[in-house]
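A.B. asks: Attaching a single structure in structure tokens format; questions to follow.
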There are 2 protein chains.
Amino acid sequence: MLDAVGAQLVEHGYDGLSVDAVAERSGVHRTTVYRRWRDVGGLLVDVLAEATGDDWRAPDTGTLAGDLVAVNREVHAALTGDPPVTLALIAASFRSRPAADALRTFWADRYDRCAVIVRRAVDRGELPARTDARRLLVAVTAPLYHELVLLRSDAGPELAERAALDAVAAARAGAFLE
Amino acid sequence: MLDAVGAQLVEHGYDGLSVDAVAERSGVHRTTVYRRWRDVGGLLVDVLAEATGDDWRAPDTGTLAGDLVAVNREVHAALTGDPPVTLALIAASFRSRPAADALRTFWADRYDRCAVIVRRAVDRGELPARTDARRLLVAVTAPLYHELVLLRSDAGPELAERAALDAVAAARAGAFLE
């Protein structure tokens, strides 16, 4: 069912995404689809949740650099995935308020779950205690989104590592302090 | 004429943007519009060039931090401008290959023109000689694009300053080395 949403979105874009089209594609009766998801926004929320797993946890490799590189490898994989479900969702977010809200909620949740990476690094003495987790995490991931989504460069996975390590160097130098 | 393109794009989105609609709105004969711009992509290229000025030069305030804060204030102003022409262009880039190419060309040109900021800072001894200008510049601007375009937060102009200064701290600590 959610696979059908992703496939429809990738193949036909947001314009082709309707509850009716998804019902037809998945073979589920449209009344059932409407009852459970109400609208396209509801479908997208569930696709995002399912694509990433509600039990997702931040990586715990033992070092700040290791954790952030691991996070960024996941972001890179999502942004260069085939089929490009994440890119299709981002594109849809410019057409649909529910899609934009779903993505925003998803990202806010991910940044919240990653805050533990910063707390652990502070506990280990790797970072100053007043480090702003959100600012550090955005500095880690933002270059990937910028290069791959907006600048549409073909940056390979080495960008994931480099951006994470650049941000770690910044954090150790006292950037991102509250 | 180009004002008409921007106004049409902001009011009706990419779907409402056609050479015919722009001709009607601007009062210019459609044959003239077609002869000069050929298609919507050509129009968008010119809107971008006009909106920002072909004679745009990187700020030169005397310090690396001053220059990068100034750059980021311009980016922040563009991304929060009313009418939201830049956001409309970014949204259009997900629908139209010419729009995506126009934006990519525009950004590549801007990053090229900003490289002199890094060269001057190296000459002044503010930065290591092997600092990769593009990586530093992307680290400066990417958090703004991420927060304002994708995460859709209402980050104020203080984010422009903070992101620039965080990246300066990183660069001084030896991040962004080639």
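The values are calculated or read from the model by the stated rules, or taken from the named source; none is laboratory data. Only a predicted model underlies this, so the values are computations on that prediction, with no experimental measurement involved. Neighbour counts run over all protein chains shown; Cβ positions are idealised from the backbone, glycine included. To get the accessible areas, we keep the full protein, side chains included, count just its heavy atoms, and leave off ligands, DNA and RNA. Shrake-Rupley method; radii C 1.70, N 1.55, O 1.52, S 1.80 Å.
A.B. asks: Taking the Cα-to-Cβ direction at B:Ala108 and at A:Arg36 and moving 7 Å from each Cα, how far apart do the two end points lie in nm?
C.D. replies: Once both label points are built, they end up 4.5 nm from each other.
A.B. asks: Another question, then. To the nearest hundred square angstrom, how large is the accessible surface buried between A and B, total for both chains, probe 1.4 angstrom?
C.D. replies: Separately minus together, A and B give about 2900 Å² buried.
A.B. asks: I would also like to ask the following. Between region A:1-47 and region A:152-177, what is the C-alpha centre distance in whole Å?
C.D. replies: 36 Å
A.B. asks: Something else now. Give the average, rounded to an integer, of partner chain Cβ atoms located within 10 angstrom of each Cβ in A:163-169.
C.D. replies: Across A:163-169, the average partner-chain Cβ count within 10 Å equals 5.
A.B. asks: Moving on. Can you give the average number of partner chain beta-carbon atoms within 10 Å of each beta-carbon in peptide A:130-143, as a whole number?
C.D. replies: 4
A.B. asks: Starting from a label point 7 Å past Cα on the Cβ side, list the distances from B:Arg30 to the same position in the other copies, nm, shortest first.
C.D. replies: Label-point separations across copies, in nm and ascending: 3.5.
A.B. asks: For region B:2-172, give the percent of accessible area contributed by carbon and sulfur heavy atoms, probe 1.4 Å, rounded to a whole number.
C.D. replies: 50 percent
A.B. asks: Further question: Accessible area per residue of chain B at 1.4 Å probe, in Å²?
C.D. replies: For chain B, the solvent-accessible area averages 46 Å² per residue.
A.B. asks: Averaged across A:84-97, how many Cβ atoms of other chains sit within 10 Å of each residue's Cβ atom?
C.D. replies: Across A:84-97, the average partner-chain Cβ count within 10 Å equals 2.
A.B. asks: One decimal, nm, shortest first: give the distances between the label point of B:Thr63 and those of the same position in the other copies, each label point 7 Å from Cα along Cα→Cβ.
C.D. replies: 3.4
A.B. asks: While we're on this one: Which distances in nm, rounded to one decimal and ordered from shortest, link the label point of A:Arg152 to the equivalent label points in the other identical copies, with labels set 7 Å from Cα toward Cβ?
C.D. replies: For A:Arg152, the other copies' label points sit at 2.3 nm, shortest first.
A.B. asks: Net charge around A:Val22, counting only other residues with Cβ within less than 13 Å of its Cβ (Lys, Arg = +1; Asp, Glu = -1)?
C.D. replies: On the way: positive: A:Arg25, A:Arg30, A:Arg36, A:Arg38; negative: A:Asp3, A:Glu11, A:Asp20, A:Glu24, A:Asp39, A:Asp46.
Net local charge, A:Val22 excluded: -2.
A.B. asks: If packing is taken as the average number of other Cβ atoms within 10 Å across a peptide's residues, how do A:4-15, A:140-151, B:119-130 rank, most packed first?
C.D. replies: Highest mean packing first, the order is A:140-151, A:4-15, B:119-130.
A.B. asks: Would you mind getting me the FRET efficiency between A:Val116 and A:Glu50? Use the beta-carbon distance for r and R0 = 30 Å, nearest 0.05.
C.D. replies: 0.85
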